[in-house]
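Scroll down for the structure; my scribbles are underneath it.
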Amino acid sequence: MAEVRAEMVANVWKVVVAQGDQVADGDTLVILESMKMEIPVLAEGSGTVDLKVEEGQVVQEGDLIATVE
């Protein structure tokens, strides 16, 4: 299982995948917005995504965004 964590404090601007989707290593899961920049968050491995965030949510550095199993 791969854990995908936030690298900085940011807003979850857009969720690109749906809960339970199959993703490949490097696929975009969500797009964060911080200081007017859009930061794509990528899958770290292939498998089924389990999202832990929703659009509009604020994440802190180190928060769990998703797992990929």
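Read-outs throughout are calculated quantities, based only on the coordinates presented, and are distinct from any laboratory measurement. Model, not experiment: these values are computed from the prediction. We place every Cβ from the backbone using ideal geometry, glycine too, and count neighbours over all the protein chains shown.
Looking only at residues in the stretch 1-20 that are charged (D, E, K, R) and in a strand (DSSP E or B), the one that is nearest to the chain's Cα centre (by Cα) is ARG5. Per the listing VAL23, VAL41, the residue uniquely under 8 Å from the mean Cα position of the chain (by Cα) and either among the β-branched types (Val, Ile, Thr) or loosely packed, with under 14 Cβ neighbours inside 10 Å (or both) is VAL41.
Within the stretch 12-69, the set of residues being among the acidic types (Asp, Glu) and either within 21 Å of MET1 (Cβ to Cβ) or in contact (Cβ under 8 Å) with a residue 24 or more places away in the chain (or both) comprises ASP21, ASP25, ASP27, GLU38, GLU44, ASP50, GLU54, GLU55, GLU61, ASP63, GLU69. Selection of the stretch 21-48 for residues being in contact with a Ser or Thr (Cβ under 6 Å, 6 or more places away or on another chain) and assigned to a loop (DSSP other than H, G, I, E, B) yields ALA24, ASP25.
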